[in-house]
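The values are calculated or read from the model by the stated rules, or taken from the named source; none is laboratory data. Keep in mind it's a predicted model, so treat the numbers as computed, not measured. Quick reminder, even Gly has a Cβ in these numbers, built from the backbone with ideal geometry, and neighbours come from all protein chains shown.
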Amino acid sequence: MKISGGFKEGDIIFGNAYDKYGSSNPIERCLMQGFVSAMTELVDKVKPASIHEVGCGEGYWTLKWLEQGIAARGSDFSGKVIELARVNALNRNIPAESFKACSIYDLKPDVDAADLVVCCEVLEHLERPDDGLQVLQAIVSPYLIVSVPREPLWRALNMARGKYWKDRGNTPGHIQNWSQSQLLSLVSRYFDVLEVRSPVPWTILLCRCLDKP
């Protein structure tokens with residue numbers, strides 16, 4: 001799978017710095033398995049016929065769901081990372097049109113709605129997370145899965161492995177930081193939080209739109 005290497009568009013960092021899902025490091029593999037297991041269980045719980053992954057990066061999850069027969073599609077602000085996602089799709093005999101370049105702020109209900117909207121590792125990159133959540137509220141029909149790094153644990157683990165000391169362990173590109181309680185407070189303004197998962201070092205929420213039965 002082609003990975004962006006964490007390139008920049010303007011001042012914004014996109015994609016994955018390395019293939020975290022294919023890491024050979026045993027500790028990292030264990031952490032990623034916790035994340036993958038939690039995500040898989042939550043998706044299976046709502047049994048969506050359609051999924052829109054907002055901030056899909058190189059397409060790992062969208063491709064996985066497409067191969068499972070789910071009508072999945074992915075979007076990302078970065079045209080460059082979408083190019084990689086399309087290459088990854090074609091390499092797996094999946095239509096490149098499954099991916100499009102679009103900012104979270106520009107998503108529209110009539111074309112971007114899905115049974116399940118997934119927005120993982122996105123909110124921490126947004127200058128206006130409340131605006132982003134309001135857009136998600138408009139396209140969710142009716143379920144949302146959202147995840148962010150759990151702070152301050154995320155930064156502590158970065159520093160423990162000798163990374164980003166000058167920034168106190170903050171990953172480049174992360175301009176928002178939330179503890180689990182802070183994330184719950186934010187997301188609860190727009191969604192009914194149905195379930196909370198805490199695979200180290202993330203918070204993952206399964207939500208339902210407040211105004212949809």
Tell me which residues, restricted to region 141-187, are touching an Asp or Glu at 6+ places or on another chain (Cβ under 9 Å) and of a type in the set (V, I, T). V148, T171, I175
Please specify each residue of region 67-106 satisfying the condition of being farther than 24 Å from L123 by Cα, without any contact (Cβ under 8 Å) to a residue 40 or more places away in the chain, hydrophobic (A, V, I, L, M, F, W, C) and assigned to a helix (DSSP H, G or I). A89, L90, A96
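Check G22, G6, G57, G69 and return the single one that is at pLDDT below 95 and loosely packed, with under 14 Cβ neighbours inside 10 Å.
Criteria check complete, one pass: G22.
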Of the residues that make up region 190-197, is at least one buried (at least 20 other Cβ atoms within 10 Å of the Cβ), within 30 Å of I70 (Cα to Cα), within 17 Å of the chain's Cα centre (by Cα) and not hydrophobic (A, V, I, L, M, F, W, C)? no
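Every residue, every condition in (1) out of contact with any Ser or Thr (no Cβ under 7 Å at 6 or more places or on another chain); (2) outside any helix (DSSP H, G or I); (3) at positive phi, yes or no:
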position: M159; (1), (2), (3): yes, no, no
position: K166; (1), (2), (3): yes, no, no
position: N170; (1), (2), (3): yes, yes, no
position: T203; (1), (2), (3): no, yes, no
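Out of region 138-147, which residues are more than 19 Å from T203 (Cα to Cα) and polar (S, T, N, Q)? Please lay out each step first, then the result.
First, pick out the residues of region 138-147 that are more than 19 Å from T203 (Cα to Cα): 138-142.
Hit for region 138-147 is S141, nothing else.
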Would a scan of region 44-62 turn up a residue that is out of contact with any strand residue (DSSP E or B) (no Cβ under 8 Å at 6 or more places or on another chain), of a type outside the set (F, W, Y) and within 18 Å of M1 (Cα to Cα)? yes
Within region 26-54, can you find the residues that are buried (at least 20 other Cβ atoms within 10 Å of the Cβ) and either of a type in the set (V, I, T) or modelled with pLDDT under 95 (or both)? V43, I51, V54
Can you tell me which residue is surrounded by the fewest Cβ atoms within 10 Å (Cβ to Cβ) among those in region 172-189 that are assigned to a loop (DSSP other than H, G, I, E, B) and modelled with pLDDT of 90 or more? R189
Find all pairs meeting these conditions: Cβ atoms under 7 angstrom apart; at least six residues apart or on different chains; first residue within region 138-165 and without any contact (Cβ under 8 Å) to a residue 24 or more places away in the chain; second residue of a type in the set (S, T, N, Q). R155/N170; N158/T171; Y164/N158; Y164/N170; Y164/T171
Read through the list (1) surrounded by 20 or more Cβ atoms within 10 Å (Cβ to Cβ); (2) modelled with pLDDT of 95 or more; (3) assigned to a helix (DSSP H, G or I); (4) not small (G, A, S), then give the number of the only condition that D131 fails. (1)
